[in-house]
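Visitor: Encoded as structure tokens, here's the structure I'll be asking about.
The values are calculated or read from the model by the stated rules, or taken from the named source; none is laboratory data. These numbers were taken from a predicted model, which means no experiment stands behind them. Please note: Cβ atoms are built from the backbone with ideal geometry, for glycine as well, and neighbour counts cover all protein chains shown. Just so you know, the surface numbers come from the protein's heavy atoms only, side chains and all, with ligands and any DNA or RNA stripped out. Shrake-Rupley method; radii C 1.70, N 1.55, O 1.52, S 1.80 Å.
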Amino acid sequence: MDIPGEFFELLDPTGRVLQQSRNVTGPIDLKGISPAVSQPAFGLADMANSGSMRIALIPFQQATGPRVLAVAIPTLGTNRVLDSFGRVALLLFPVSLLLTAGISALYVGKSLAPITALTQHAALMAKRVTNREGFWTPLPVSSPHDELGRLAETFNHLLQGVDSAVRQLRQFVTDASHELRTPLAVLHGETELQLSKPRSAEEYRKTLCVLDDEFKKLTRIVEGLFTLSMADAGQLHLACEPLYINEVLEEACALAALRARTKNISIVRDLREETAYSGDEAFLHQLFLIFLDNAIKYSPHDTQVRVSLEQRSGAIRVRFADQGMGISSQHLPFIFERFYRAAPSSSGEAQSGGLGLAIAQAVARAHSGTIECESTLGAGSTFTLVLPVTPAAEGVPEGTPKQKLILS
């Protein structure tokens, strides 16, 4: 047999060569592989002038005894392929690393670009946090449908709320300082005037009356701020008890009638129906006085303020209607804000703490109620307090001492 690239030998179990192909130029070194095998065996061998070879030993039985057929092929081609592959891999490995690093840097840079923009924008807003005009501007949203886009939108909502709260706080501090400065200036001026030279007893009495009025204004402002701060913190605790709303309204109207008479304003009441309710009588009394005081304050002389009470559709409705100057549509959405006044600041009747309706709204919400307002400029306003019907306890005790909170 003379097959190019293939070599054959016939061996006995001792390794002695019995026959071999013509192309075998020298003995095949089995490199320790024993020819006495009972199953086909594979390994590496060497042959002179041919180098390393892969060899297979196949046992079989002949008439004269067991024999082993050795079939060998050179590994030169395989080695060349492996060497070529190794050289190519050695060359491609650093190239692939560089290419992978470049693509990764490009992709990561593109992916992190929105985060970088968000960071720079946030840093810019942090520098402008002391700006009176506000520090919030929307964060850029490159893609609103991915995670970064949703994160940016969430931060936009958060920062918008923070900016609104900061603006309200600044405005609140400014307005509160302005409201407190006026009575304090009056107190300071009157005190200096009285101390400048000796005065008569009558002059001292008049000055003390002025000081008392200013102290009352300061007290109303401070108590109003305290009530609102408790409401903001969710700590406006109500001392709920069974009562009749019509009786609380009667008492509030009786107190307001004293001031109404100074302007010849009549308070027309429609409180014939007894309405049982469970609530905080002191806060309700304060709430009714706020509406009555505002109605009288912003109504001209010789007019009427109508107060009505009705219970229908599972709700108690208390209505205060005046014939005053009214509120324009542009001011109507803001009348419940603190220190906001729809009336001109030059109006003498408008000089008050500016907290009344804000307190009224806080008290109404504490009772799970709402306040509705309808107003026509030049014709008057109607405020309606809507309270949910509560299971009031039977037998509201009569003659029980009632706390009065008069604050406008």
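Visitor: Using 1/(1 + (r/R0)^6) with R0 = 60 angstrom and r between the beta carbons of E337 and K197, what's the FRET efficiency to the nearest 0.05?
Guide: Calculated transfer efficiency: 0.85.
Visitor: Please give the per residue accessible area of the chain, computed with a probe of 1.4 Å over protein heavy atoms only, in Å².
Guide: 60 Å²
Visitor: Kindly sort R80, R199, R205 by accessible area of their heavy atoms, largest first, with the probe set to 1.4 Å.
Guide: The ordering from most to least exposed comes out as R80, R205, R199.
Visitor: How big is the shadow of the Cα convex hull of segment 190-343, averaged over all directions, in nm²?
Guide: For segment 190-343, averaging the hull's shadow over all directions gives 13.0 nm².
Visitor: Still on this structure: Over the chain, with every protein chain in place, what whole percent of the accessible area is carbon and sulfur at 1.4 Å, could you tell me?
Guide: Looking at the chain in its full context, I get 59 percent from C and S.
Visitor: FRET efficiency for T75 and Q19, Cβ-Cβ distance as r, R0 = 30 Å, nearest 0.05?
Guide: 0.80
Visitor: Can you compute the helix-only [θ] at 222 nm over the chain? Use -39500 (n - 2.57) per DSSP H run of at least 4 residues, normalise by all residues, nearest 500 deg cm²/dmol.
Guide: After summing the helix terms and dividing by residue count, I get -16000 deg cm²/dmol.
Visitor: Along its principal axes, what span do the Cα atoms of segment 190-275 show, with the longest given first and each in whole Å?
Guide: So the three principal-axis extents are 59, 40, 18 Å.
Visitor: Follow-up question, since we're still on this one. Which length gain, in nm to one decimal place, applies between A48 and S34 when the Cα-Cα distance is subtracted from 0.36 nm times their residue separation?
Guide: 3.1 nm
Visitor: If R0 is 41 Å, what FRET efficiency do you get for L258 and R170 from their C-beta distance, rounded to 0.05?
Guide: FRET efficiency, L258 to R170: 0.60.
Visitor: Per residue, what volume in Å³ does the convex hull of the Cα atoms of segment 144-184 enclose?
Guide: Taking the convex hull of the Cα positions in segment 144-184, it is 30 Å³ per residue.
Visitor: For E190, what charge total do you get from the other residues with a beta carbon under 12 Å from its beta carbon, if Lys and Arg give +1 and Asp and Glu give -1?
Guide: -3
Visitor: Under 37 °C and 0.692 mPa s, how fast does the chain diffuse according to Stokes-Einstein, given a Kirkwood radius computed over C-alpha pairs? Answer in µm²/s, whole number.
Guide: It diffuses with D of about 107 µm²/s by this estimate.
Visitor: Something else: Specify the angular offset, from 0 to 90 degrees and rounded to the nearest 10, of the alpha carbon long axis of helix 76-127 from the longest principal axis of the alpha carbons in the chain.
Guide: With rounding to tens, the tilt is 10 degrees.
Visitor: Compute the acute angle (0 to 90°) between the alpha-carbon long axis of helix 147-195 and the principal axis of greatest extent of the alpha-carbon atoms of the chain; round to the nearest 10°.
Guide: 30 degrees
Visitor: If you find the alpha carbon centre of segment 254-318 and of segment 188-206, how far apart are they in angstrom?
Guide: Their Cα centres are 39 Å away from one another.
Visitor: Now, a different point. On a 0 to 90° scale, report how tilted helix 356-366 is relative to the longest principal axis of the chain, with both axes built from alpha carbons and the result rounded to the nearest 10.
Guide: Compared with the principal axis, the helix lies near 60 degrees.
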